[in-house]
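Here is the structure we will look at.
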Amino acid sequence: MKIHEYQAKAIFSDTGIPVPREKLATAPPEAKKAAEEIGLPVVLKAQVLVGGRGKAGGVKKAEKLEDVESIAGQILGMNIKGLEVTKLLVSECVAIKAEFYLGITIDRARRKPVLIASAAGGVDIEEVAKKTPEKIIKIEINPLLGLLPFQARNVGMALLSEAKLATEFTSLALKLYRLFIQRDCSLVEINPLVLTGGGTLLALDAKINFDDNALFRHPENESLRDLSSEEPKEIEAKNAGLSYIKLSGNVGCIVNGAGLAMATMDLIKRFGGEPANFLDVGGSSSPEKMVTAMRIILSDPSVRVILVNIFGGITRCDDIAQGLIQAKNEADIKVPIVARLVGTNADRACALLADSPVLSATKMSEAVKLAVARAKEAE
Ligand code: GDP
Ligand code: MN
């Protein structure tokens, strides 16, 4: 889960990481009022959950009060990579001596958090990492010990070459690490972290991603969620207790269990098809869940066939069959449905589906082949 810069900065501020004075605005007059309070010049920053916002024209400086309203008007309503800008951060314009990059994330290969820093901070850190990787400092963090002060201090000296500033950097990096762990983040990033004209460190930009698998431990994060930037069907699925991820192919999939979902998607690919989604109805199911699952899948116009692959353990196959029939009765479903239901109450499911137009197969490979063939015919 991603949050906006202004939300991340509020968290930074609570943690004791210094940020510029700033205010959120949703309309040009509000931006003007904020600029008056903050003092000119100001930087106006689009709040959208995508990267490269500055380059897309979403970050602009305003010198005069008259300009604030017109620039705010330009940025608000702008479309950046498919997202409409509805919020603007009005930020004190800071004099910059140097820009650095500082981030903490999980290195999956090393199975540890890593601190990443660079003196080549600013907008193009991905380019720096590709072209001049020697300019990136990477510090492995022992998860049992946490980030140690000497590690942070070494990075601080490498970036700032001055003991007093390295001390300031150490305190900031330790706070950032504490925040990363306490709130179960998958990424915290400051780009740029700047050395101001006044000679202190300041987080000029802020990014926080929370680990979705740990969100249940953080009810405080729920209010930070920006639903307008999430796939609406993924939200509906989540509310119904389903995991739905939209993909780019045309074979809609309903399965139970993430492992079976992976295996099903692998087989679809193996037989030359492309999954349209990943939809896991979970370990237990009910006809209602199936109806919701069908509705979600069918709202994707690229779906040409629905493959239902269920291994019934706790999930009862007859519940699934009932759900399929109910969904068919409630909506005029034009795409073919291929079902492979095995396990608990499979025989009852078979009997239920016998007179229905649902195509069934007992072997997984058969079902997948059939679904892929139907999808190809329909294209
Ligand atoms: P991003 O490009 O979307 O990541 O937006 P940032 O907030 O990181 O800003 C991009 C760049 O704009 C920074 O690297 C700075 O060079 C510049 N910038 C942003 N805020 C200020 C500011 O207050 N003062 C100055 N001088 N430059 C700024
Ligand atoms: Mn940035």
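The values are calculated or read from the model by the stated rules, or taken from the named source; none is laboratory data. What you are looking at is a predicted structure, and each value in this text was computed from that prediction instead of being measured. Positions of Cβ are generated from backbone atoms using ideal geometry, with glycine treated the same way; all protein chains shown enter the neighbour counts. These area figures cover heavy atoms from the full protein model, side chains too; ligands, DNA and RNA do not enter into them. Shrake-Rupley method; radii C 1.70, N 1.55, O 1.52, S 1.80 Å.
One residue stands out in the range 94-109 among those that are open to solvent by 40 Å² or more (accessible area, probe 1.4 Å) and modelled with pLDDT of 95 or more: the one that is farthest from ligand 2 (Cβ to nearest atom), namely I106. Taking E127, is it outside any loop (DSSP other than H, G, I, E, B), at pLDDT 95 or above and more than 21 Å from the chain's Cα centre (by Cα)? The answer is no for E127. Restricting the first member to the range 120-136 and to residues that are in the same structural domain as V50 (by TED's automatic domain parsing) and open to solvent by 100 Å² or more (accessible area, probe 1.4 Å), and the second to residues that are within 13 Å of ligand 1 (Cβ to nearest atom) and among the hydrophobic types (A, V, I, L, M, F, W, C), no beta-carbon pair is closer than 6 Å while six or more apart or on different chains. For the range 63-87, a tally of residues being assigned to a strand (DSSP E or B) and either over 29 Å from the mean Cα position of the chain (by Cα) or within 16 Å of ligand 2 (Cβ to nearest atom) (or both) returns 1. Applying the condition of being surrounded by fewer than 17 Cβ atoms within 10 Å (Cβ to Cβ) and under 19 Å from G121 (Cα atoms) to the range 158-178 and asking which residue is nearest to the chain's Cα centre (by Cα) yields A158.
Pairing residues of the range 216-229 that are free of Cβ contacts under 8 Å to residues at least 24 places away in the same chain with residues that are surrounded by 11 or more Cβ atoms within 10 Å (Cβ to Cβ) and not in a helix (DSSP H, G or I), at Cβ distances under 9 Å and at least 6 apart in sequence or on separate chains, gives E220/R183. Evaluate the range 50-64: report whether one residue or more is within 15 Å of ligand 1 (Cβ to nearest atom), touching a residue at least 40 places away in the same chain (Cβ under 8 Å) and touching a helix residue (DSSP H, G or I) at 6+ places or on another chain (Cβ under 6 Å). Checked the range 50-64: no residue is within 15 Å of ligand 1 (Cβ to nearest atom), touching a residue at least 40 places away in the same chain (Cβ under 8 Å) and touching a helix residue (DSSP H, G or I) at 6+ places or on another chain (Cβ under 6 Å). Taking the condition surrounded by 13 or more Cβ atoms within 10 Å (Cβ to Cβ), within 16 Å of ligand 1 (Cβ to nearest atom) and among the hydroxyl-bearing types (S, T, Y), does S186 pass? No: the conditions fail for S186.
The one condition from (1) within 21 Å of the chain's Cα centre (by Cα); (2) within 16 Å of ligand 2 (Cβ to nearest atom) that L279 does not meet is (2). Note on the range 35-47: among residues that are more than 9 Å from ligand 1 (Cβ to nearest atom) and not in a helix (DSSP H, G or I), the one that is farthest from D124 (Cα to Cα) is G39.
Put simply, of L202, L179 the only residue that is part of a helix (DSSP H, G or I) and either within 16 Å of ligand 2 (Cβ to nearest atom) or of a type in the set (A, V, I, L, M) (or both) is L179.
Filtering the range 276-286 to residues that are open to solvent by 10 Å² or more (accessible area, probe 1.4 Å) and either assigned to a loop (DSSP other than H, G, I, E, B) or in contact with a Gly (Cβ under 8 Å, 6 or more places away or on another chain) (or both) leaves D280, G282, G283, S284, S285, S286.
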